[in-house]
Amino acid sequence: MIQLNLHKTLSSTGGKMALDLDLTIEKGHFVTLFGESGAGKTSTLRMLSGLLKPDSGMITVGGTTWFDSRSNIDLKPQQRKVGYVFQDYALFPNMNVRQNLEYALQKNQDNSIIRELLEFAELEELQHRKPETLSGGQKQRVALSRALVQRPEILILDEPLSALDLKMRIKLQEYLLQVHKKYKLTTILVSHDIGEIVKLSDSVFEIQNGRVIKNGTAADFFGLNKTSAKFRFSGEILKIQREDVIYIISVLIGNDIIRVVSDPKEAALLRIGDQVLVASKAFNPIIQKL
Amino acid sequence: MDWQPLVLTFKLAVITTAILFVISIPIASWLSSTKSKFRPVLETLVSMPLVLPPTVLGFYMLVAFSPANAFGSWLNDWLGIKLIFSFGGLVVASVIYSLPFMVQPIQAGLSSLPSTLKEASYTMGKSKFTTLLKILLPNIKPSLLTGIVLSFAHTVGEFGVVLMIGGNMPGKTKVASIAIYDEVEALNYAAANSYSLILFTVTFVILLLVYLTNGGYFKRFSQ
Amino acid sequence: MSIVCVEVDNGEELMSVVIDSPESAPYLKKGKKVNVLFKEMEVAVTTQKELNISIENRISGVVASVEMGLLLSRLILETNIGEVIAIISTKSLKQMELVERIEVVIMVKLNEIILAP
């Protein structure tokens with residue numbers, strides 16, 4: 001279990017902001033920090049991993065104190081050994097894929113994990129390539145594999161998939177889930193993509209102006225459990241089109257576009273780009289074997 | 001022609017550059033990452049030789065190293081080091097005088113690297129030293145080369161400081177730039193020309209190599 | 001699976017079938033408040049009060065306004081449970097000669113009613 005109690009005055013472009021957070025994360029959970037940019041999500045991750053020092057507060061991980069301003073405990077990032085996947089991947093340009101992974105090996109650590117990770121991430125063929133020659137999705141896989149080399153208990157993912165196209169994003173979401181389960185990680189994700197959050201996380205914390213304003217399980221959080229409808233998906237509105245006396249709303253769900261009929265009254269509340277829930281009763285869809 | 005001044009010049013330049021390389025990396029590394037309020041002070045001190053007339057620097061070093069003063073006499077009495085009018089003094093003076101030419105390119109190179117590189121290394125349990133050696137320095141090779149070449153070329157071209165602190169002692173402190181001055185004073189233009197031509201050619205070739213290998217980085221830095 | 005009776009405004013009752021049971025969904029409890037949702041397209045309209053048909057939910061009302069489209073038409077109906085919108089084909093609208101102020105009964109099958117706690 002990770003317990004965070006963090007106080008820090010952050011200065012950003014919009015002036016100063018007081019971060020004042022209380023978070024408890026269960027061991028083995030996949031947790032998402034959700035909120036506007038500048039709300040303090042990345043700062044929270046940096047404080048957990050020891051890259052940023054809180055003004056005051058406490059961080060305990062599985063009973064060990066990592067930071068305590070009152071008793072002057074402040075473990076260095078080197079001692080915390082958190083698997084951190086940065087938004088810009090932070091791959092070492094002077095090393096090839098394999099060397100990037102090998103660099104992360106700990107003293108006397110068996111290097112069989114390198115082969116295991118390369119194989120699992122389907123990177124074997126790319127292992128001698130330099131990072132600059134890789135695509136975004138490949139870089140992301142390298143960054144993730146590299147973060148796992150030292151067998152961390154906590155994996156931090158700072159908007160890991162935001163720069164990727166949809167197809168790659170969906171593939172890597174699957175991969176993240178597998179990794180989370182396979183290595184029994186406690187994973188903390190920063191993401192804006194509601195579909196992604198619902199798909200990946202056990203629980204969600206919404207952070208606004210340095211404070212947790214809402215938390216719950218992912219499905220509860222976005223209201224997905226608020227109806228008895230069982231045939232439900234979340235997606236993004238791509239198109240709103242009037243047809244006769246009704247509207248047809250095109251919604252991107254995963255990599256499929258579906259179309260839903262909507263009354264003008266409801267359509268008036270919707271905008272292109274909105275994240276929406278599409279639901280129907282389990283009794284309605286037909287099902288056919290392909 | 002007397003080759004001694006040229007040999008002395010390049011010996012001085014090689015030793016100075018080597019010392020500068022070793023001491024500038026920690027200075028540049030500290031400057032590029034610290035948030036300390038002493039940073040501007042140190043940055044100013046490092047950059048002073050860029051704007052100060054070499055004679056000013058030479059004068060103060062002369063005063064400081066003189067056995068007539070506390071520091072100079074301490075060096076002399078306790079360590080047996082005599083820095084005025086000696087090759088050792090020239091090295092010390094050159095190191096101080098060329099410091100910004102090594103520190104600044106390295107600092108600029110380190111600052112241009114995304115901070116996530118070293119943060120990633122730290123989260124993998126790697127020490128600051130390992131990170132510097134294995135991650136940061138290998139990724140700023142063009143900056144390191146620029147620093148080495150600039151310091152080397154600058155030391156070769158040094159005149160005022162050398163004259164002030166080293167004087168003009170053949171085989172000890174008489175470097176090429178001073179030999180040229182000497183020959184001109186003696187109206188010995190042919191000898192002055194050979195020294196000058198050699199310095200000109202060597203410097204030209206070194207800089208050309210840097211431009212060719214560094215893909216324009218050096219140009220970007222010097223602007 | 002459960003069949004749930006929901007008492008709505010003015011003593012009207014709606015029935016819904018849901019996959020959940022009181023064990024799997026804690027909101028399925030007598031006296032618990034829920035919202036009832038159904039799609040406009042699923043609302044059937046009839047002018048006959050007594051119809052021998054397997055549609056469980058029936059509420060009487062009056063046509064308040066009609067918006068006729070080429071293929072579909074949109075009716076706003078005033079009922080005991082408030083305003084209900086029904087979208088039916090323009091063909092049916094003409095055939096049934098539905099105009100404002102006509103008294104009708106709206107019908108919704110029980111599998112179309114979504115409960116939202």
*Scan around residue C:13 for amide H atoms under 5 Å from its own, H built in the peptide plane at 1.01 Å from N, and keep only partners 5 or more places away or cross-chain.*
C:8
_Could you work out [θ]222 nm for chain A from helices alone, using -39500 (n - 2.57) per DSSP H run of at least four and dividing by all its residues? Round to the nearest 500 deg cm²/dmol._
-7000 deg cm²/dmol
*Let me know the mean shielding of A:79-92 by other chains, meaning the per-residue number of their Cβ atoms within 10 Å of its Cβ.*
4
*For residue A:167, which aspartates and glutamates qualify as cross-link partners when the Cα separation must be under 19 Å and same-chain residues fewer than eight apart are set aside?*
A:122, A:159, A:193, A:196, A:236, A:256
*Once you sort the root eigenvalues of the Cα gyration tensor of chain A as a ≥ b ≥ c, which label holds: rounded (a/c under 1.5), prolate (a/b larger than b/c) or oblate (the other case)?*
oblate
*Per-selection Kirkwood Rh - segment B:45-151 (Cα, Å, 1 d.p.)*: 16.3
*asked:* Starting from the 7 Å offset along Cα-to-Cβ, what nm value, one decimal, do you get for the label separation of residue A:102 and residue C:100?
replied: 8.3
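Can you give the charge dipole size of segment C:2-116 about its Cα centre, rounded to the nearest 20 debye, using +1 on the beta carbon of Lys and Arg and -1 on the beta carbon of Asp and Glu? Could the numbers behind the result be given before it?
Values: 12 positive and 17 negative charges, 32 e Å.
So the magnitude is around 160 debye.
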*Pairs A:27/A:214; A:8/A:81; A:139/A:239; A:171/A:281; A:53/A:139; A:139/B:126: which are spaced more than 24 Å apart, C-alpha to C-alpha?*
A:139/A:239; A:171/A:281; A:53/A:139
*Using the Karplus curve 6.51 cos²θ - 1.76 cosθ + 1.60 with θ = phi - 60°, work out ³J(HN,Hα) for each residue of segment A:17-25 in order, rounded to whole Hz, and write x for Gly and Pro.*
9, 8, 8, 8, 10, 10, 9, 10, 10
*Which ³J(HN,Hα) values, rounded to whole Hz and listed in residue order, are derived for segment B:72-85 from phi using the Karplus coefficients 6.51, -1.76 and 1.60 in 6.51 cos²θ - 1.76 cosθ + 1.60 with θ = phi - 60°, glycine and proline given as x?*
x, 6, 4, 4, 5, 6, 8, 10, x, 9, 10, 9, 7, 6
*Run through the DSSP bridge list for the protein assembly as shown and note the antiparallel percent, rounded to the nearest 5.*
85
*Of A:90, A:170, B:180, which is farthest along the charge dipole of the protein assembly as shown in the positive direction, counting Lys and Arg as +1 and Asp and Glu as -1 at C-beta?*
B:180
*Long-range amide H contacts for residue A:30: which residues qualify at under 5 Å (H placed 1.01 Å from N, peptide plane, sequence gap of 5 or more or a different chain)?*
A:187, A:202, A:203
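Counting only heavy atoms of the protein chains, get the accessible area per residue of segment A:2-221 (1.4 Å probe) and round it to a whole Å² value. Each step should come with its number before you reach the end.
On the way: 9920 Å² over 220 residues.
Averaged over the residues of segment A:2-221, the accessible area is 45 Å².
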*Just tell me which lysines come within less than 20 Å, Cα to Cα, of residue B:82; anything on the same chain fewer than 8 places away is out.*
B:11, B:172, B:174
_Only Lys, Arg (+1) and Asp, Glu (-1) charged, at Cβ; chain A dipole about Cα centre in debye_ = 300
*Work out how far the C-alpha atoms of chain B reach from end to end along every principal axis, then list the three figures in whole Å, largest first.*
64, 46, 26
_Compute a Gaussian network model of chain C, connecting alpha carbons closer than 10 Å, and tell me which residue from C:13, C:56, C:23 fluctuates the most._
C:23
_Alpha carbon centroid spacing (whole Å) that separates segment B:1-71 from segment C:91-117_ = 91
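Filter the DSSP H helices in chain B by two things, a Kyte-Doolittle mean of at least -1.0 and an axial alpha-carbon span of 24 angstrom or more, and list the hits by number.
TM-like helix candidates: B:4-33, B:87-112, B:189-214.
Just counting partner chain Cβ atoms within 10 Å, what average do the residues of peptide B:123-136 show around their Cβ? Walk me through the numbers on the way to the answer.
Values: counts 18, 15, 12, 5, 2, 2, 0, 2, 3, 0, 0, 5, 6, 2.
So the per-residue partner count for this stretch is 5.
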*In nm, to one decimal, how far is the residue A:74 label point from the residue B:47 one, both placed 7 Å along Cα→Cβ?*
2.9
_Contact order relative to length of chain A, as percent, for alpha carbon pairs under 8 angstrom and 6 or more apart_ = 19
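Give the value in nm², to one decimal: projected area of the alpha carbon convex hull of segment A:227-280, averaged over all directions.
Values: hull surface 14.8 nm².
That works out to 3.7 nm², a quarter of the Cα hull's surface.
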*asked:* Averaged across A:236-246, how many Cβ atoms of other chains sit within 10 Å of each residue's Cβ atom?
replied: 3
*Dimensions (Å) - the protein assembly as shown, Cα atoms, principal axes, largest first*: 129, 55, 47
*Go through B:93-106, C:101-114 and give me the packing order, highest mean Cβ count within 10 Å leading.*
B:93-106, C:101-114
*Give, ordered by residue number, each residue of segment C:95-117 whose 1.4 Å probe accessible area is reduced by a minimum of 50 Å² on adding the remaining protein chains to the chain alone.*
C:111, C:114
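Kindly point out which whole DSSP H helices in chain A project their C-alpha atoms 20 angstrom or further along the helix axis while averaging a Kyte-Doolittle hydropathy of -1.0 or above. Kindly include the intermediate steps, with their values, before the conclusion.
On the way: long enough: A:166-182 (24 Å, -0.55).
In chain A, the long hydrophobic H runs are A:166-182.
Given Cα pairs under 8 Å that are at least 6 residues apart, what percent is the relative contact order of chain C?
Values: 230 pairs, mean separation 40.2, N = 117.
It rounds to 34 percent for chain C.
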*Could you state the number of Å between the C-alpha centres of segment A:1-50 and segment B:96-159?*
33
*Pairs of alpha carbons in segment A:1-82 whose separation is greater than 20 Å (percent)*: 30
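Beyond 18 Å, what share of the Cα-Cα pairs of segment A:75-170 remains, rounded to the nearest whole percent? Numbers along the way, then the final one.
Working: 1988 of 4560 pairs.
When all Cα pairs of segment A:75-170 are counted, 44 percent exceed 18 Å.
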*What FRET efficiency, computed as 1/(1 + (r/R0)^6) with R0 = 25 Å and r the Cβ-Cβ distance, is obtained for residue B:209 and residue B:3, rounded to the nearest 0.05?*
0.60
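Of the peptides C:78-90, A:144-156, how do they stack up when ordered by the mean number of other Cβ atoms within 10 Å, highest first?
Numbers: C:78-90: 16.7, A:144-156: 22.0.
Going by the mean number of other Cβ atoms within 10 Å, highest first, we get A:144-156, C:78-90.
Please identify every one of the trypsin sites (Lys or Arg not before Pro) in segment A:8-103 that sits in a loop by DSSP and has no more than 10 other beta carbons within 10 Å of its own beta carbon.
On the way: sites: A:8, A:16, A:27, A:41, A:46, A:70, A:80, A:81, A:98; in loops: A:27, A:70, A:81.
Those satisfying the criteria are A:70.
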*Got the relative contact order for segment A:236-290 handy, in percent, Cα pairs under 8 Å and 6 or more residues apart?*
33
*Work out the charge dipole of the protein assembly as shown with +1 on the Cβ of Lys and Arg and -1 on the Cβ of Asp and Glu about the Cα centre, then indicate which of A:114, A:131, B:204 is farthest towards its positive end.*
B:204
*Rounded to the nearest 5, what is the percent of antiparallel bridges among the DSSP beta bridges in chain A?*
75
*asked:* Along the charge dipole of segment A:2-221, pointing to its positive end and built from +1/-1 on Cβ of Lys, Arg, Asp and Glu, which listed residue (A:34, A:9, A:192) has its Cα farthest out?
replied: A:9
*Using +1 on the beta carbon of Lys and Arg, -1 on that of Asp and Glu, and nothing else charged, what's the dipole of chain B about the Cα centre, debye to 20?*
1000
*Between residue C:48 and residue A:232, how many nm apart are label points set 7 Å from Cα along the C-beta direction?*
3.8
*Once amide H atoms are built 1.01 Å from N in the peptide plane, which residues 5 or more positions from residue A:216, or in another chain, come under 5 Å H to H?*
A:204
_Tensor-based shape of segment B:109-223 (alpha-carbon gyration tensor, a/c under 1.5 rounded, otherwise prolate or oblate)_ = prolate
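The values are calculated or read from the model by the stated rules, or taken from the named source; none is laboratory data. Being a predicted model, the structure only gives us computed values, none of them experimental. Glycine gets a Cβ as well: all are built from the backbone with ideal geometry, and neighbour counts include every protein chain shown. Please note that ligands, DNA and RNA were not included when accessible areas were found on the heavy atoms of the full protein model with its side chains. Shrake-Rupley method; radii C 1.70, N 1.55, O 1.52, S 1.80 Å.
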